[in-house]
Structures are given as C-alpha cells and as structure tokens.
Amino acid sequence: MGVELSHVHVHCPMSQIFRQPYTNDEHVVFPIEQPYAHMNEGNLATAQVSHFDCGGIAIGGCLSHKIGDGCTTSNFFKNWGILTRDINATLSLHFVGDSIYPQSIDPSVVSTIKSEESTYLGKRFMFPVDKLNALKVKIAHESKVQDPTHIEVVSALLYKCALVTRRVNGSNSFKPSSLYQLANMRERFNPPLSHDACGNISSGYFVEINNEREVNCSTLVGEMRKGKSNLHAKKNVIILEVVESIEKGKTPFHRNGIDNYFCCSLIDFPLYKVDFGWGRPIRVSMGTGPFNNWFYLLGNFSKCQYFDI
C-alpha cells in the first residue's frame, strides 16, 4: 500500500547519457513530474526501474517526507539493495520518534518552496578537488574562517555565481536574497544518532544578502559558519519556524522583493554504496523537480577527484 513501482524500457544504450556528463539527461530514468505529482496522490514512495538496450539498469525513486528526509531516502535505497542480495539480511535502520525530534510536516511547507514556473532545468557541474582546495585556502585567508569545508566553499561559490548571473541577465538593480542551507541533524545529538536513523531529522539556516558588498565567497562562508553554529539538535527549525510563519499568514521562502536559493549536501549519504547485486552505481544524480534555485551537492564515487554539483 502506498508504493508504486514501474518498469520501463529505454531505447538507447546507457552510454548515450554518459556522453554528455554535464547535463541532466538522467530525466529519462526519473520523469520530471511523475514522482512529485504522485506524492500528492497519497503514495509514500514511487520507484522506476529502467532497462537500457545495452543491458544496463537505472533505478530512480522518490520517498514522501511523511516518512523521512533525504538521508532516510538514501537508507531506503541502501537497504533495498541489501535485501535484494540477501532477503534474510538483518537491517540496522530505525525510526526516530517525536520524543527525540519533532517529525510532523505540514504540506504547506512544500508548497511555499515549489516553483510557479512550468518548466525546470537541471545542470551538472563537476569541480576538481585540487581547485576546491586552492579556493579553501584563499577563503580561509580572507575570511579568517578556520578550515572551511568543501561544502561551505562550493555553496558560497554557487550562490555568488547565481547572484552575479542574475545581474548579467538583465536585472538593473541589486535585489536582496537569501540562501537556505539544509542540515542533517543526526550528528548534532549527544550522543550522535547513527546515519541509519530514519525520519525527518533535518533543520537549516538562512544566509541573507542585503547589499552588493556581501556578494563574495569569503563573506558568505563566514555567514554560513555563524548559521551552522546556531543549529540546535533539540529544535526542528525547518519545521517549527516555517509552520509558525505560515500560520501567521507569512511565507518565509516567498518574501516580497527577495530572491530565494536553497542548498542541500548529499555528500555523506550512502548513495554510491547502494548495491543490488551488480556492484555500485556508475552515477548518482537528483531528478529535476518543480523547484527552482536549488543546489544539490554530491561526491563522485567513480571519479573521486571530482566534486559533483
């Protein structure tokens, strides 16, 4: 009940997708509208198994936030693979209750960040780690932030480029904006929760830009570090603050005169460890959905010298 599984045949070899590694051609195995549309019809999970002419297989899927967050979804795929290899395997996942972390999500939370545009474009960018390391050194020197992470410097770089691009593409004046950085809260408990903990154990913080002087990577990384230090494991900020604002007739992600951007890191999720019995995946990517101005960060397992965006 509540799970929809479909099998499709893709009339091309899988290599045709890999010939253009910097675009989101993966939409053929993860339809743009289908998973998100079906979530609104009561399904808790949808999955599509795509068979290519060459014999290659791709598996795409979507899990409702009624069950859990992105980490929960990655655990779902990992454990699905484990059971495919051994139906008698013992799984270590467990669900976290409200007594540990608030779990309820109002549907209006998703509606506040859903784009009103009718079309969505996804692109993939790959960053060599040696270039990121050089950027980390530069930002650490300019911002005085101790040991900035790859996630911080890439998020800041993408956000800065998005704001600069907006000006180049026709905006005649500066417009305030915000970046909402999602955070996995599992490791912020004392003692930390394991990655096998399932549920909506996520929160986040805003980085707000109110003038052009702040549009530089060093300032952005400094603001991210401040926002991260204010996260608390006992308060589900993304749920409690957003729902409270909606109840007051406000939509915090759609404020007048504000451009909103969102960033989510999947670096620590076991997506490249999923194994259905054929070995680990060659590529993992996010399906393009009805959300604009989103950045998803992925590590590249098959080419570990790169950092995928």
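The values are calculated or read from the model by the stated rules, or taken from the named source; none is laboratory data. Values in this document were obtained by computation on a predicted structure and should not be read as measured data. Backbone-built Cβ (ideal geometry, glycine too); neighbour counts: all protein chains shown. The accessibility values were calculated without ligands, DNA or RNA, using every heavy atom of the protein model including side chains. Shrake-Rupley method; radii C 1.70, N 1.55, O 1.52, S 1.80 Å.
For residues that are at pLDDT 80 or above, part of a loop (DSSP other than H, G, I, E, B) and open to solvent by 20 Å² or more (accessible area, probe 1.4 Å), scanning just region 146-176, find the one that is nearest to PHE295 (Cα to Cα). Ranking the candidates gives THR149 first. Looking at region 123-139, is at least one residue modelled with pLDDT under 85 and either of a type outside the set (A, V, I, L, M, F, W, C) or on the phi > 0 side of the Ramachandran plot (or both)? For region 123-139, residues modelled with pLDDT under 85 and either of a type outside the set (A, V, I, L, M, F, W, C) or on the phi > 0 side of the Ramachandran plot (or both): present.
Within region 269-299, can you find the residues that are out of contact with any Asp or Glu (no Cβ under 9 Å at 6 or more places or on another chain), assigned to a loop (DSSP other than H, G, I, E, B), modelled with pLDDT of 85 or more and not aliphatic (A, V, I, L, M)? Give the derivation first.
Here is the first cut: in region 269-299, the ones out of contact with any Asp or Glu (no Cβ under 9 Å at 6 or more places or on another chain) are 269-280, 282, 291, 294-295.
Right, trim to assigned to a loop (DSSP other than H, G, I, E, B) and you get 269, 274-280, 282, 291.
Those still in the list that are modelled with pLDDT of 85 or more too: 269, 274-280, 282.
The answer is PHE269, ASP275, PHE276, GLY277, TRP278, GLY279, ARG280.
With respect to being among the aliphatic types (A, V, I, L, M) and at pLDDT below 85, MET1 fits the description.
Keeping to region 47-78, report how many residues are part of a loop (DSSP other than H, G, I, E, B) and either over 15 Å from PHE95 (Cβ atoms) or open to solvent by less than 50 Å² (accessible area, probe 1.4 Å) (or both).
8
Return a yes/no flag: does region 50-72 have any residue that is at pLDDT 90 or above, closer than 18 Å to ASN200 by Cα and of a type in the set (D, E, K, R). Checked against the condition, which is being at pLDDT 90 or above, closer than 18 Å to ASN200 by Cα and of a type in the set (D, E, K, R), region 50-72 yields no hits at all. Pairs meeting the criteria (first residue in region 202-222 and under 21 Å from GLU187 (Cα atoms), second residue modelled with pLDDT under 85 and open to solvent by less than 10 Å² (accessible area, probe 1.4 Å), beta carbons under 8 Å, at least 6 apart or on different chains) are SER202/ASN236; SER203/ASN236. Within region 1-12, residues that are among the small types (Gly, Ala, Ser) and in a strand (DSSP E or B) sit with their Cβ atoms under 9 Å from residues that are surrounded by 10 or more Cβ atoms within 10 Å (Cβ to Cβ) and at pLDDT below 90, at 6+ positions apart or across chains, in these pairs: SER6/GLN34; SER6/THR46; SER6/ALA47; SER6/GLN48. Scanning region 181-219 for residues being part of a helix (DSSP H, G or I) and either of a type in the set (D, E, K, R) or in contact with a Phe, Trp or Tyr (Cβ under 6 Å, 6 or more places away or on another chain) (or both) gives a total of 6.
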